[in-house]
Structure formats: C-alpha cells, structure tokens
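In what follows, a structure is listed as structure tokens, so that the remarks can point back to it.
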Amino acid sequence: MNKPFQDKLISIEPYTAGEQPKSADIIKLNANENPYPPSPAVQKAIAEFDADILRLYPPMDAAPLRKAIAEYYGIGQECVFAGNGSDDVLAAAFRAFFNSDKPLLYPDITYSFYPVWCDLLKIPYETIPVDEGFNVHVEDYFRDNGGVVLPNPNAPTTIGLGLDAIEELIRHNRDSIVIIDEAYADFSEVSCVPLIKKYDNLVITQTFSKSRSLAGMRVACAIADPYLIGYLDAVKDSYNSYPMDAVAIRAGAAAVGDREYFGQVRGKIIATRECTAKRLRELGFVIPDSSANFLFATHPKRRAEEIFSYLRERGIYIRYFRKPRIDNHLRITVGTDEQMDRLISELESFLGK
Ligand SMILES: *Cc1c(COP(=O)(O)O)cnc(C)c1O
C-alpha cells in the first residue's frame, strides 16, 4: 500500500532474527542462545537490586561494567566501550568508523546484519567471496577500502582464523578501521584483545548474549585504543547517552566477574559441540570444524530445507537461510546434551537409521 507521504519514509529491508516459539517445550536451537542460565552472581545482583536507584539516570558511560571488563582482560578502562547488546555497539561503530566513499569490505557469507546497517546508514560496501570451503582469505582484503568488518569465528560458517591471519589483516589496513566481531570468540581459542596495544586501527566487539547467557539483558562491549573509544562515546552521546540501563550494568559486571562459572559453561558447550559434530558426521552430515557455539551442517542426500521443516514439526527449531551459496545448509545451536540427544534421534528417524 502506498501512502501519499510514501516518498518521505525510509525504504529498508530489516534483519530477520530466528523465530521465537510460542510454546515452552520447543527445543530452541535457532538463535545461538546459551542453554545454561547466567552465573548465580547475576541472579544475586538482580535479587539485591534496589529499585529506588531507578529514579536516577544510570551512569552515562556504564562505568562499573567497563571497569569489570577491563579487569577481566587486564587492560585500561579507557580501552572499553559498553552498549545495549553488540548490535547496538556495532551500529555505533559503523556510524563512527565507516564514513568513507570507499566501500566497506566484508565476506559474502557472514552476519546478515552488516548489509542492513550499510543500507540504513548509507555506507557503500563490497562483499568478498569466501572460498568453496567457506574460508576467508585475508589477502583478499589487502586493498583500498573504507573499512573492514569480519566476525572471528565467522557466522554462520563457524570457521575461525588464527591470530596471525587477523594480525596480517590489520597490518595491511593501517589506514582503515578493522572491526573484528568476536560474538563467538569465547568458544574458540583465539581472541585478538592482546592486539589492541599494538594496533590503533583495531576495534573488537563482544557480546554477553552467547557465552555469558545474557541475550535477554542486552549487554556488550567494544575494545580498542582509547582514541577510537572516544569516537564511539561521541556517537553514543549523539543519539542516546544512556543506552545501558542500571540493571544491565550491574548484571553484566556480575557476569564478567564470575570467571569460574564462565569457564564451566564454556567447557560444557565445547564438549557437547564436539560430540554432536561427531554424531552428525556419522549420520552423513558434512560439517566444518566449529569454533563457535553452533554447527553449520549440510547433508549430501537430503535437502536442508526439508530437514529444517521435519525438525520444526517435531518441536526442534534450527536455522535455515534461503540465501545464495548456503541454501542447502543448516545452522544448529549447541544446546544441552539432552537436547542434542533429541535432535540426533529425530534425525536418525528422518534418515531411516
Ligand atoms: C549474535 C551476534 C551479534 C549480536 O549479538 P547481541 O545479542 O546484539 O549482542 C553480533 N554479531 C554476530 C556475528 C552475532 O552472531
């Protein structure tokens, strides 16, 4: 329907997130959420929260959370920016750092929010194809550009690059900002946080949604040289000075402070991931080695869309993308061992095993 004021409205195709089921007994493996609860320290921080302080605006820079993150990494607080989920942090970073007429570069298969922000913010971009095995080759990014954004490990392919490759990427782009989106880095062996001391053109974004079980709280950060953090703060203060509420600041700080619980949950998810990958391969699925909390699977004999629908009818939600090059693949979040048992047994029935 076209309104008489149609030409004044934004024309945009928004990001589509994984479906939110209406019923509680659905096994939800479609949004890369954590199957385990947040740290008991988060529960405690929320239980002890005094609602009276909600009269006041929260700390504008979310200082208690920035401090906790800085302590966790052994870096200065001035190297940390905090935001309302990493989608908020990334949107601020795109605004702050990608203001060139030259194209922003990112892989053709990657987080599908990047093109959405580019359209919204009118940032020119160019996608660089990953190879047949979905690998990113950093040499492809050694050219004139307006910036680079790359998730490591990449999504939805689960494939991570080593620190050497990331460093090469940054070194060859000293006149641009390189954003490494570490949404899933906690499930891999690699984080490029140590590189921020060496490279002032590197920005790392991280989220508490996946590895710290806080998707519903909206907590994330960026880590970079203080010079760039200043630009992120300037953008934040130009559209919303208080993106993080008082509860989220406390909960986030409590989560990052509990190293032991974090290590346990991370260990369990990695163990379940490895075991699930092995069992799926035994059923004929082809799966790259995953450095994330999900698997990227294809079956040589059965269509991905068919498998997706079969599981959906049986109460198991996974993610299927009707997109070029990956329309015969499935993205499956690693849940608990029990959830994975259900998944495998439904797939065995489907495949007649
Ligand atoms: C999940 C995800 C994010 C955003 O997570 P938030 O919940 O907004 O913190 C960012 N980048 C990638 C690659 C993701 O998968």
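The values are calculated or read from the model by the stated rules, or taken from the named source; none is laboratory data. Because the structure is predicted, anything quoted here is derived from the model rather than measured. Counting neighbours? That spans all protein chains shown, and the Cβs are built from the backbone with ideal geometry, glycine included.
Below are the figures for this structure:
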{"item": "Test for residue 154: is it in a loop (DSSP other than H, G, I, E, B), of a type outside the set (Lys, Arg), surrounded by 24 or more Cβ atoms within 10 Å (Cβ to Cβ) and at pLDDT 95 or above", "result": "yes"}
{"item": "Residue under evaluation residue 166, criteria (1) surrounded by 20 or more Cβ atoms within 10 Å (Cβ to Cβ); (2) more than 16 Å from the ligand (Cβ to nearest atom); (3) of a type in the set (A, V, I, L, M), criterion not met", "result": "(2)"}
{"item": "Hits in region 183-211 (condition: more than 10 Å from the ligand (Cβ to nearest atom) and either at positive phi or not hydrophobic (A, V, I, L, M, F, W, C) (or both))", "result": "186, 188, 189, 191, 194, 197, 198, 199, 200, 201, 211"}
{"item": "Of residues in region 1-35 being of a type in the set (Val, Ile, Thr) and part of a loop (DSSP other than H, G, I, E, B), the one surrounded by the most Cβ atoms within 10 Å (Cβ to Cβ)", "result": "26"}
{"item": "From 313, 346, residue being touching a Lys or Arg at 6+ places or on another chain (Cβ under 6 Å), outside the structural domain of residue 109 (by TED's automatic domain parsing) and either at negative phi or hydrophobic (A, V, I, L, M, F, W, C) (or both)", "result": "346"}
{"item": "Residue 179 more than 25 Å from residue 79 (Cα to Cα), among the β-branched types (Val, Ile, Thr) and touching a residue at least 60 places away in the same chain (Cβ under 8 Å)", "result": "no"}
{"item": "Close pairs (6 angstrom Cβ cut-off, 6 or more residues apart or separate chains): over 15 Å from residue 321 (Cβ atoms) in region 8-24, among the acidic types (Asp, Glu) and at pLDDT 80 or above anywhere", "result": "12/119"}
{"item": "Hey, residue 119 away from the ligand (no atom under 16 Å from the Cβ), in contact (Cβ under 8 Å) with a residue 60 or more places away in the chain, in a helix (DSSP H, G or I) and outside the structural domain of residue 331 (by TED's automatic domain parsing) or not", "result": "yes"}
{"item": "Unique residue being touching a helix residue (DSSP H, G or I) at 6+ places or on another chain (Cβ under 7 Å) and either touching a residue at least 12 places away in the same chain (Cβ under 8 Å) or more than 16 Å from the ligand (Cβ to nearest atom) (or both) when the list is 130, 149, 136", "result": "149"}
{"item": "Tally, over region 93-104, of residues that are basic (Lys, Arg) and either without any contact (Cβ under 8 Å) to a residue 40 or more places away in the chain or within 16 Å of the ligand (Cβ to nearest atom) (or both)", "result": "1"}
{"item": "Within region 68-92, considering residues that are in a helix (DSSP H, G or I), in contact with a strand residue (DSSP E or B) (Cβ under 6 Å, 6 or more places away or on another chain) and within 16 Å of the ligand (Cβ to nearest atom), the one nearest to residue 196 (Cα to Cα)", "result": "69"}
{"item": "Test: residue in region 237-246 that is outside the structural domain of residue 339 (by TED's automatic domain parsing), surrounded by 22 or more Cβ atoms within 10 Å (Cβ to Cβ) and more than 15 Å from the ligand (Cβ to nearest atom)", "result": "no"}
{"item": "Of all residues in region 208-221 being under 19 Å from residue 64 (Cα atoms) and in contact with a Lys or Arg (Cβ under 9 Å, 6 or more places away or on another chain), the one that is surrounded by the most Cβ atoms within 10 Å (Cβ to Cβ)", "result": "219"}
{"item": "Close pairs from region 36-60: first surrounded by 13 or more Cβ atoms within 10 Å (Cβ to Cβ), partner of a type in the set (Asp, Glu) and in a loop (DSSP other than H, G, I, E, B), Cβ under 8 Å, at least 6 apart", "result": "39/258; 41/258; 42/258; 58/245"}
